[in-house]
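A short reminder: the numbers here are calculations on the coordinates, not readings from a lab. If you're wondering where the values come from, they're calculated on a predicted model, not measured in any experiment. With ideal geometry, Cβ positions are generated from the backbone for all residues, glycine too; neighbour counts draw on all protein chains shown.
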Amino acid sequence: APDGIKPPHQLPPHALSELRRLMAEIATVPSTQQAYDLPWLVHIEGDVHQPLHASSRFLKSQPKGDAGGNFVYVFPNTNLHALWDNSPGTDISDAYVSEYAASVTAEFPAPKAVSTDPKRWLDESFRLVKSDVYTFGLETGSKEHPLTLPAGYEERAKGIARARIALAGYRLATILDQRLH
């Protein structure tokens, strides 16, 4: 904890155990179970690449944690978690999603080696939390008095989101290719 508070003992991340279970089971279960498991695999795998899905910051002012940035209020009228979740944009139309996917894969070509280890993905996201998310100090803001983030913060978040989305896509494709072919 950045201000010295000791966080409460927590169980291992639920996302980690679920990802491991889904990845192990997807190739061995009947197609009806695959149809159920696949959307969850896609959802959780994508989530853990967003840094605030990998941590909660504990402060003296928030001894129960900030719920992955949900209790850090930022200008204008949002919270840190939503700011990062919405960094890729909020347009869910097929056209926008297709253009975004083409753009990020052009900007971030597939790496030579693709990690299929969910623990590594969470560790990467946690490192980003420390290096790039909580760069503004110990403030938490409030709904009435949200924080104004430093200049360039949102643009950096968008850039990180682009890189993480591309990586998540390559990793998911590798997992599905390995397990379903």
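See the values below:
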quantity	calculated
Pair His14, His181: separation of 7 Å Cα→Cβ label points (nm)	3.4
Pairwise FRET efficiency - Thr90 versus Ser142, Cβ, R0 = 30 Å, nearest 0.05	0.80
Between helix 153-180 and the chain: long-axis angle, C-alpha atoms, 0 to 90°, nearest 10	20
Residue-wise HN-Hα coupling along the stretch 42-54, computed from phi with Karplus coefficients 6.51, -1.76, 1.60 (Hz; x: Gly, Pro)	4, 5, 5, 4, x, 4, 5, 7, 8, x, 6, 8, 10
